[in-house]
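In what follows, a single structure is set out as structure tokens and then discussed.
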Amino acid sequence: MTTAIIDTHTHLCDAVFDEDRDQVLQRARVAGVGSIVLVGEDLRDARANLELAKQYPMLKPAAGLYPGILDQDQANALGNFIRENRVDLVAIGEVGLDHWIVKQPDEKEVQAFIFKTFIHLSREVDLPLNVHSRSAGRKVVELLLAEGGQKVQLHAFDAKASTALPAVEAGYFFSIPPSIVRSRQKQKLVKALPLDAMLLETDSPVLGPDPKERNELANISLVVEAIAQIKNVSPEDVIEVTVENTRKLYGDRIVG
């Protein structure tokens, strides 16, 4: 029996999927996907993810606050939601830092403070962090290590591979999106990282093979093929190792 692929970071609650979500999921199944982590950017997404997971057993809901939202009240509300629904959630995410959209020093401080609260919450409720780190990879790794982050997924990491190594040593995982087919940075990252530090993701509807087109869950097969080629292993090995990595981070609830 072939091991089912796990997509560890998607935005399937996005309105761009409202017209054909069933078909998108069917194409994902045909591509070998068995489980899908639904991340959220705000409280509306968090509630939508829980509802979608009730409709589709293969969907695993998460709740988080996008780093571009510098609102402590929203962060507090999300924290309360996560505590109240911790049994039904598989992760806190996405959360983190983004220095591409937040550039002012005072705003960066607010962003870092909110991220720290989610790092602490992750330990409190024993849920992994699904982390965004655009243009802030080094700072994210530093904060996670300083604040005691334990169960961590760094999604679509865009910093140098050398920046990732302390996170690998800490036991953190890095999820690779379909944009690897067009990103030299992602290719270099995969070359440098051990396979047992990698997860698979699509970040649907973005970070697909063509930046001008909607990215679908089925494109995760492109990630498997790219990693297999770079690491000189079989696609089956990539799937088996990344699924085992996902189990280590998320537990058995993530499968099936």
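The figures follow:
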{"quantity": "Tabulated pairs, region 130-153, first touching a residue at least 12 places away in the same chain (Cβ under 8 Å), second among the β-branched types (Val, Ile, Thr) and assigned to a loop (DSSP other than H, G, I, E, B), C-beta under 7 angstrom, 6+ apart or interchain", "calculated": "130/39"}
{"quantity": "Filter pass, residue 37 being assigned to a helix (DSSP H, G or I), within 22 Å of residue 219 (Cβ to Cβ) and of a type in the set (Val, Ile, Thr)", "calculated": "no"}
{"quantity": "Qualifying positions in region 42-93 - among the hydrophobic types (A, V, I, L, M, F, W, C) and in a helix (DSSP H, G or I)", "calculated": "43, 46, 48, 50, 52, 53, 75, 77, 78, 81, 82"}
{"quantity": "Output for region 156-190, where each listed residue is of a type in the set (D, E, K, R) and part of a helix (DSSP H, G or I)", "calculated": "169, 184, 186, 188"}
{"quantity": "Qualifying residue in region 119-135 (condition: part of a helix (DSSP H, G or I) and farther than 22 Å from residue 88 by Cα)", "calculated": "no"}
{"quantity": "Residue satisfying all of: in region 156-187; within 16 Å of the chain's Cα centre (by Cα) and charged (D, E, K, R); surrounded by the fewest Cβ atoms within 10 Å (Cβ to Cβ) among these", "calculated": "158"}
{"quantity": "Extreme residue, farthest from the chain's Cα centre (by Cα), among residues of region 136-155 that are buried (at least 18 other Cβ atoms within 10 Å of the Cβ), outside any helix (DSSP H, G or I) and of a type outside the set (Gly, Ala, Ser)", "calculated": "151"}
{"quantity": "Some residue of region 15-34 being closer than 25 Å to residue 126 by Cβ, modelled with pLDDT of 95 or more and among the aliphatic types (A, V, I, L, M)", "calculated": "no"}
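The values are calculated or read from the model by the stated rules, or taken from the named source; none is laboratory data. None of the values given here were measured: they were computed from a predicted structure. All Cβ positions, even for glycine, are placed from backbone atoms using ideal geometry, and neighbour counts span all protein chains on display.
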